[in-house]
C-alpha cells in the first residue's frame with residue numbers, strides 16, 4: 001500500500017511540474033504583448049470596422065506571431081452564417097520600424113481549390129535581443145471565430161468582448 005502511495009505522490013508532482021511548465025510556455029512576455037498591440041494598431045480597415053486577432057507561439061527559433069483582421073458573421077436573412085472578410089491596409093514602413101533588426105521581409109500569395117485567395121507577409125528579425133517571426137495574414141484562419149456579428153437590421157456587435 002505504501003508503495004502505491006509513493007507512486008501517486010510522484011505522479012502528482014509530475015502533473016504539477018507539467019502544469020507550471022505549460023503555463024510558462026504559454027505566457028506572453030510583456031515586450032511581446034506591447035509589440036502585438038503596436039502592430040495591431042497599424043491595421044486600417046478599408047471600410048467598416050475591424051478587430052485584429054492574434055496567435056502567439058514560442059518555437060525553437062523564438063516567438064512566432066500571426067495576426068489577421070477578424071471576419072464579420074452575418075446573422076439572419078439570406079446570408080445568415082456568411083463570414084464577411086474585411087479588407088485592410090498595413091503600413092509596412094511603420095511596421096518595419098518596430099523591429100530592432102529586420103532580417104527577412106517576404107510576401108506569399110496562394111489560392112485554394114475553392115477560389116479563395118490568401119496571402120501573408122512574413123517579417124523576421126529582432127525586437128531588442130528577442131528573435132521574432134511575424135506573419136500578417138490577409139484573412140483570418142478557418143478555426144478563428146468571428147470578430148463581429150451583424151444583424152439583419154445592420155447593427156453590429158463585437159464577439160467575445
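Computed from the coordinates by the stated procedures, all read-outs in this text should not be read as laboratory data. Remember, predicted model here, so these are calculated numbers, not experimental data. A quick note on method: Cβ atoms are made from the backbone with ideal geometry, for glycine too, and the neighbour counts reach across all protein chains shown.
What the table below lists for this structure:
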| item | result |
| --- | --- |
| Histogram of C-alpha separations across region 41-98, 5 Å bin width, % | 4, 16, 17, 20, 16, 11, 8, 5, 2, 0 |
| Where the Cα pairs of region 29-158 fall when distances are cut into 10 Å bins, in % | 12, 40, 31, 14, 3, 0 |
| Separation of the residue 47 and residue 109 label points, Cα + 7 Å toward Cβ, nm | 2.2 |
